Amino acid sequence: MIDVHRLWPTEPSETAPTALSDADLEALYDFPAGLDRPWIQANFVTSADGAVTVDDASEGLSSPADQRVFLLGRDLADVVLVGAGTALAEGYRGARPSEQRRERRRRHGLSDVPPIAVVSRRCSVPPDAPVITDTSVPTIVLTTTTAPADRRQALVDAGAEVIVAGGETVDLAAAVALLGERGLLRIDCEGGPHLFGSLVAADLVDELCLTYAPLLAGPGAGRIVEGTAAMSAPRSMTLTSLLHEDGFLLARYRRTPAP
């Protein structure tokens, strides 16, 4: 396995980039302790020239270290948040209850596997989609009052929990609050770009874990943020760690505290 090295922050005694163990990564990427409100962490990978996909999928941009961080996000979260388009395009299924995942999650006082929460304005996820049927815990579908009643009922009949948050569009602040009421405070957002763009515009993103792949993908692919949601001003973030693995840079940014 290729080693992941910490470039920043470094300890005063370190004279070279430090190789990190799984325990080091777990401590670095854990959610804040003692949360009393929902905390949204987003995970993305991008090419050096800003592309979010290669051949319409993010897999071509990833690396072993990126996958380790991606899986850590799931292991340390109460719930995984994803847009319907990404869930279908990437062939999402429920999180797998491996022994390592169980052990790690139980140490943190979490359930054995996190549910997947899919944002779907029109309940467009087919009831026989793997993200609904191939899971050990019920998938949550966040939708609207205007989603067709028959689609909502079909998802319920297939085993999903349907939560209504908003009228014409999913009110993400309300949806996040409803997840929080269920004790799902540690929220790991895995995309896609439209959902992330809406979360950014609504000022709901607390942390961004972003991997930069040493690759020029060329024109055509989108950015990690898409959509038309308006922002009042850019959001200030603070770099909290920077790791390196075989040319890949793994950056972690947190919301800059208010002055």
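The values are calculated or read from the model by the stated rules, or taken from the named source; none is laboratory data. Everything numeric here is computed off the predicted structure, so don't read it as measured data. In this analysis, Cβ positions are derived from the backbone assuming ideal geometry, glycine residues included, and neighbour counts consider all displayed protein chains. Side chains included, ligands, DNA and RNA excluded: accessible areas come from the protein's heavy atoms. Shrake-Rupley method; radii C 1.70, N 1.55, O 1.52, S 1.80 Å.
Specify which of the listed residues (Thr256, Thr169) is farther than 18 Å from Thr53 by Cα and either of a type outside the set (Val, Ile, Thr) or within 20 Å of the chain's Cα centre (by Cα) (or both).
Going through Thr256, Thr169 in turn, the sole match is Thr256.
Can you list residue pairs whose Cβ atoms sit under 6 Å apart, with the first residue in the range 209-227 being within 20 Å of His194 (Cα to Cα) and among the β-branched types (Val, Ile, Thr) and the second being part of a loop (DSSP other than H, G, I, E, B) and at pLDDT 85 or above? Count only pairs 6 or more apart in sequence or on different chains.
Between residues of the range 209-227 that are within 20 Å of His194 (Cα to Cα) and among the β-branched types (Val, Ile, Thr) and residues that are part of a loop (DSSP other than H, G, I, E, B) and at pLDDT 85 or above, the close pairs are Ile224/Val52.
Do you know which of the residues in the range 103-132 that are surrounded by fewer than 17 Cβ atoms within 10 Å (Cβ to Cβ) and touching a Pro at 6+ places or on another chain (Cβ under 8 Å) is farthest from Val79 (Cα to Cα)?
That would be Arg122.
Pick out the one residue from Val205, Val225 that is part of a loop (DSSP other than H, G, I, E, B), of a type in the set (Val, Ile, Thr) and closer than 20 Å to Ile116 by Cβ.
Going through Val205, Val225 in turn, just one is part of a loop (DSSP other than H, G, I, E, B), of a type in the set (Val, Ile, Thr) and closer than 20 Å to Ile116 by Cβ: Val205.
Within the range 209-222, work out how many residues are outside any loop (DSSP other than H, G, I, E, B), of a type in the set (A, V, I, L, M) and in contact with a helix residue (DSSP H, G or I) (Cβ under 9 Å, 6 or more places away or on another chain).
Summing the residues that are outside any loop (DSSP other than H, G, I, E, B), of a type in the set (A, V, I, L, M) and in contact with a helix residue (DSSP H, G or I) (Cβ under 9 Å, 6 or more places away or on another chain) in the range 209-222 gives 1.
Do we have Asp24 as of a type in the set (D, E, K, R), over 24 Å from Gly222 (Cβ atoms) and not in a loop (DSSP other than H, G, I, E, B) here?
Taking the combined requirement at face value, the residue satisfies it.
Out of the residues in the range 60-102 meeting the condition of being open to solvent by less than 10 Å² (accessible area, probe 1.4 Å) and in contact with a Pro (Cβ under 7 Å, 6 or more places away or on another chain), tell me which one is farthest from Gly197 (Cα to Cα).
Only one residue fits best here, namely Ala95.
Which one of these is on the phi < 0 side of the Ramachandran plot, in a strand (DSSP E or B) and touching a Gly at 6+ places or on another chain (Cβ under 8 Å): Val118, Val113?
Result: Val118 is the single residue among Val118, Val113 that is on the phi < 0 side of the Ramachandran plot, in a strand (DSSP E or B) and touching a Gly at 6+ places or on another chain (Cβ under 8 Å).
Tell me which residues, restricted to the range 218-259, are on the phi > 0 side of the Ramachandran plot and either in contact with an Asp or Glu (Cβ under 6 Å, 6 or more places away or on another chain) or open to solvent by less than 40 Å² (accessible area, probe 1.4 Å) (or both).
Scanning the range 218-259 gives Gly218, Gly247.
Can we say Ala42 is within 28 Å of Ala89 (Cβ to Cβ) and at pLDDT below 75?
No: the conditions fail for Ala42.
Tally the residues that are loosely packed, with under 13 Cβ neighbours inside 10 Å and either at pLDDT 80 or above or in contact with a helix residue (DSSP H, G or I) (Cβ under 9 Å, 6 or more places away or on another chain) (or both), restricting the search to the range 2-18.
The qualifying residues number 1.
Only residues that are acidic (Asp, Glu) and either open to solvent by 40 Å² or more (accessible area, probe 1.4 Å) or in a helix (DSSP H, G or I) (or both): list them for the range 27-39, please.
Asp36
With the structure loaded, tell me whether Val156 is closer than 21 Å to Leu88 by Cα and in contact with a Lys or Arg (Cβ under 7 Å, 6 or more places away or on another chain) or whether it fails that test.
No, not satisfied.
Does any residue in the range 138-164 that is over 22 Å from Val80 (Cα atoms) and β-branched (Val, Ile, Thr) come within less than 9 Å, Cβ to Cβ, of a residue that is at pLDDT 95 or above and outside any loop (DSSP other than H, G, I, E, B) six or more places away or on a different chain, and which pairs are these?
Thr145/Val164
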